[in-house]
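Down below is the structure, laid out as structure tokens.
The values are calculated or read from the model by the stated rules, or taken from the named source; none is laboratory data. The structure presented is a predicted model; accordingly, all values stated were derived computationally and were not measured. Neighbour counts are summed over all protein chains in view; Cβ atoms, including those assigned to glycine, are modelled from backbone coordinates with ideal geometry.
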Amino acid sequence: MKAYIALLGVAFSMLSVPTFAGAPAKTILVFGDSLSDGFMLKRSEAYPALLAKKLGAAGLKFQVINASASGGTTDGGLERLPAHLKQRTDIFILELGINDAFRGVPTDQIETNLQQIIDKVKARNPNVHVIIAGMQLPGYTVDDYVSAFGNMFADLATKNGAALVPYLLKGAAGNPSLNLPDGIHPNAAGQKILAENVWRVLEPIARQVAK
């Protein structure tokens, strides 16, 4: 378990990618861990940057801010969230929780922290559209913890009227050709799969928000 934690890194990064020249009218905030941060990749290869390109190609005027932190946990997310609440957010993509699970944090606590993050974002942005990126624990025998963790994201989405990416890593997890040598983090090709997974959920919401 410690090896998994170490592999998820400790660096913080933030990237703002405008889809059009000039000041965008709408903002998408991606708030996640190393999976969204693009661990060991160029910033332009991480799925938030790829989403910005898709939005631009679709004629949708958005700024995509990647406020993800490699090694990020839900506790850490609560601590660093206030700095990102100073600006208006129209769409909030939340991708946190897997590092908590690697540490054995009870799922009830993970869910509580995620709910607090959502509540704080909504308090600042009452009309925000929330997208939750679901995760699963890889390579483990199914038990009560694994099941509870996997179901937690759908439960949060239902409770908050949020959209759900059922499994962010679908199509990439477990495929050596789509992951870095650590077997956990997607490589550039894998990030393209993640972008497609999120885009299927994001596109209709972005079109609605852009009206």
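Determine whether TYR167 is in a loop (DSSP other than H, G, I, E, B), of a type in the set (Ser, Thr, Tyr) and either farther than 21 Å from SER44 by Cα or touching a residue at least 40 places away in the same chain (Cβ under 8 Å) (or both).
On the way: in a loop (DSSP other than H, G, I, E, B): yes; of a type in the set (Ser, Thr, Tyr): yes; either farther than 21 Å from SER44 by Cα or touching a residue at least 40 places away in the same chain (Cβ under 8 Å) (or both): yes.
Yes: the conditions hold for TYR167.
Looking only at the stretch 112-162, which residues are among the β-branched types (Val, Ile, Thr) and either at pLDDT 95 or above or closer than 24 Å to GLU79 by Cα (or both)?
If we filter the stretch 112-162 for residues that are among the β-branched types (Val, Ile, Thr), which is where we start, we get 112, 117-118, 121, 128, 130-132, 141-142, 146, 158.
Within the stretch 112-162, THR112, ILE117, ILE118, VAL121, VAL128, VAL130, ILE131, ILE132, THR158 qualify.
With outside any helix (DSSP H, G or I), touching a residue at least 40 places away in the same chain (Cβ under 8 Å), out of contact with any Pro (no Cβ under 6 Å at 6 or more places or on another chain) and buried (at least 19 other Cβ atoms within 10 Å of the Cβ) as the only criterion, which of MET135, MET152 stands out? Spell out how you get there, then give the answer.
Working: MET152 fails: outside any helix (DSSP H, G or I).
Of MET135, MET152, the one residue that is outside any helix (DSSP H, G or I), touching a residue at least 40 places away in the same chain (Cβ under 8 Å), out of contact with any Pro (no Cβ under 6 Å at 6 or more places or on another chain) and buried (at least 19 other Cβ atoms within 10 Å of the Cβ) is MET135.
At pLDDT 95 or above, loosely packed, with under 14 Cβ neighbours inside 10 Å, under 18 Å from the mean Cα position of the chain (by Cα) and over 26 Å from ARG88 (Cα atoms): does that describe ALA189?
Yes; evaluated as a whole, the condition is true for this residue.
What tally of residues in the stretch 55-91 results from selecting those that are assigned to a helix (DSSP H, G or I) and surrounded by fewer than 21 Cβ atoms within 10 Å (Cβ to Cβ)? Step through it out loud before you land on a result.
Applying the first criterion (assigned to a helix (DSSP H, G or I)) to the stretch 55-91 yields 55-57, 74-84.
In the following step, the residues that additionally are surrounded by fewer than 21 Cβ atoms within 10 Å (Cβ to Cβ) were identified as 56-57, 75-76, 78-84.
Counting residues in the stretch 55-91 that are assigned to a helix (DSSP H, G or I) and surrounded by fewer than 21 Cβ atoms within 10 Å (Cβ to Cβ) gives 11.
As an exercise: evaluate THR107 against (1) modelled with pLDDT of 95 or more; (2) β-branched (Val, Ile, Thr); (3) touching a strand residue (DSSP E or B) at 6+ places or on another chain (Cβ under 7 Å) and give the number of the one condition it does not meet.
(3)
Of all the residues that make up the stretch 192-211, how many are over 11 Å from HIS129 (Cβ atoms) and either of a type in the set (A, V, I, L, M, F, W, C) or more than 16 Å from the chain's Cα centre (by Cα) (or both)? Give the steps one after another, and end with the answer.
Of all residues in the stretch 192-211, those over 11 Å from HIS129 (Cβ atoms) come to 192-200, 203, 207, 210-211.
Among the residues that remain, those that are also either of a type in the set (A, V, I, L, M, F, W, C) or more than 16 Å from the chain's Cα centre (by Cα) (or both) are: 193-195, 198-199, 207, 210-211.
Selection size over the stretch 192-211: 8.
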